[in-house]
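Below: one structure, written as structure tokens.
The values are calculated or read from the model by the stated rules, or taken from the named source; none is laboratory data. Quick caveat: nothing in here was measured; it's all calculated off a predicted structure. In this analysis, Cβ positions are derived from the backbone assuming ideal geometry, glycine residues included, and neighbour counts consider all displayed protein chains. All accessible areas refer to the heavy atoms of the entire protein, side chains included, with ligands and DNA or RNA removed. Shrake-Rupley method; radii C 1.70, N 1.55, O 1.52, S 1.80 Å.
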Amino acid sequence: MNTDIYDVAIIGLGPAGVTAAIYAGRKRLKAIIIGESIGGQSVVSRKIENWIGIPELSGAEMAMRLYDHLDIVKDHVKIVDSPKVSLIEEASFGGKPAFQVFYGENQVFAATVLIASGSRRRKLGVPGEDEYSGRGAYYCSICDAPLMQDKDAAVVGGGNAGLEAVSDLVAYARKVYLLELMDELKADQATRAKVLAGRKVELILNAKTREIKGRSEVQSLTYEDTKTGTMKELGVQGVFIQIGSEPNSELAKGLVKLDACGQIIVDPISQQASRPGVWAAGDVTQIPYKQNNIAMGDAAKAILDINNYLLRQ
Ligand SMILES: Cc1cc2nc3c(=O)[nH]c(=O)nc-3n(C[C@H](O)[C@H](O)[C@H](O)COP(=O)(O)OP(=O)(O)OC[C@H]3O[C@@H](n4cnc5c(N)ncnc54)[C@H](O)[C@@H]3O)c2cc1C
């Protein structure tokens, strides 16, 4: 394969990136896909039940299937799986506008770029969070709720994700505390009423989490009651942090417009970002409803639009 300049450089090996690579391969574009590890965020899921066409599969199985499908286009798409892309810069190649994509010690030139670098869970940033990550401090209730069998757990964050975590946990835990920073829950009314009706659930408002404590595993959570300023401690063996996610858009700063949350702003019809030659798809964009199927559909749209753009050049 001639690697002087690619038609498209795809960043990210999650559902969006892999879909883009498959579409690019089928369009016989000269493409490169660069990402950390295949599968993206839901790799950790025990069960995915909305992967259309397969009623139930685990995150690991989904990643395997993505890998197998990607393998089919490997003669057309160069797959680079491990280093992170650190920078994308506007450049020129053979007198034509291009982009220079830097990863690890390497760099490539591409006529267009599709950013599909997804998002990551937002952290609390309190003492003990990193220390006990995976040992009582968790970000995925779907994955880790079963570890709370007959234990006490706290969910931090009263949005819809927090309430979903409570629902996951009540099936296993003895007691579930739901801590919300504000004086009311952010989640919608219907979900709120349903989840809080459970006898095991205790809602604590005006609660600012200050520390996660333990020995080898989590033993308690300390929070400040922001109304009174008093510090309180809950004996829990699990803390489920559900305070949203952050886009992996650092590589796009200065290149394209981001919204106030750092998400790449795209045209929802074409997936084009603010700079000609750059597209984005999936959880890294401002498109609401962060889901595998949506990320994949948007990535397919993006490659079809890129293909048309290249034909017009
Ligand atoms: C625990 C959990 C369970 C979920 N369950 C479901 C579900 O059941 N059904 C559903 O539809 N959705 C589910 N989702 C949401 C779904 O996972 C996302 O919507 C989907 O993964 C978005 O795909 P993406 O390709 O845009 O991003 P991601 O999946 O985030 O993939 C992005 C990839 O890019 C890589 N990357 C990041 N930065 C760089 C960089 N600088 N250079 C190179 N690579 C980079 C990342 O490591 C990652 O591999 C779940 C999410 C989580 C967290």
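Straight-line reach from LYS186: taking Cα to Cα under 20 Å and skipping same-chain neighbours fewer than 8 places apart, the lysines in range are LYS123, LYS194, LYS208, LYS227, LYS290. Averaged over residues, the count of other Cβ atoms within 10 Å places the peptides 29-39, 267-277 in the sequence 29-39, 267-277, highest first. Computing FRET efficiency as 1/(1 + (r/R0)^6) for ARG122 and LEU304, where r is the C-beta to C-beta distance and R0 is 35 Å, gives about 0.60. Per-residue 3J(HN,Hα) values for the range 134-151, derived from phi via the Karplus relation 6.51 cos²θ - 1.76 cosθ + 1.60 with θ = phi - 60°, read x, 10, x, 9, 10, 10, 10, 6, 4, 7, 10, 4, x, 5, 9, 3, 6, 10 Hz in sequence order (x marks Gly and Pro).
Accessible surface for the chain, divided over its residues, is 49 Å² per residue with a 1.4 Å probe. With all protein chains in place and a 1.4 Å probe, the accessible surface of the range 1-134 carries 48 percent carbon and sulfur. Mean separation of Cα pairs under 8 Å and 6 or more residues apart, divided by the residue count, gives the chain a relative contact order of 19 percent.
Put simply, when 134-141, 97-104 are sorted by average Cβ atoms within 10 angstrom per residue, most first, you get 134-141, 97-104.
Add +1 for every Lys or Arg and -1 for every Asp or Glu among the other residues with Cβ under 12 Å from the Cβ of VAL278, and state the total. Could the numbers behind the result be given before it?
Details: positive: LYS257, ARG275; negative: GLU89, GLU90, ASP267, ASP305.
Net of charged neighbours comes to -2.
Most tightly packed first, judged by the mean number of other beta-carbon atoms within 10 Å of their residues, the peptides 204-216, 155-167, 44-56 read 155-167, 204-216, 44-56. Kirkwood radius, the chain, all distinct C-alpha pairs, inverse of mean reciprocal distance: 21.0 Å. Split the accessible area of the range 182-296 by element, probe 1.4 Å, and carbon with sulfur accounts for 51%. Only helices enter this figure: runs of n ≥ 4 DSSP H residues, each worth -39500 (n - 2.57), summed and divided by the residues of the chain, yield -7000 deg cm²/dmol at 222 nm to the nearest 500. The slack in the chain from GLN107 to GLU246, taken as 0.36 nm per residue of separation less the alpha-carbon distance, amounts to 47.4 nm. Here is the size of the range 21-83 from its Cα atoms: Rg then Dmax, 12.7, 35 Å.
Derived scalar couplings between HN and Hα for the range 103-114 equal 8, x, 8, 10, 8, 9, 10, 9, 6, 9, 10, 10 Hz in order, rounded to whole Hz, by the Karplus curve 6.51 cos²θ - 1.76 cosθ + 1.60 (θ = phi - 60°), x for Gly and Pro. Please list the helices of the chain that count as membrane-span-like by this rule: a mean Kyte-Doolittle hydropathy of at least 0.0 together with Cα atoms stretching 18 Å or more along the helix axis, each helix being a complete DSSP H run. Those that pass (Cα extent of 18 Å or more, hydropathy at least 0.0) are 292-312.
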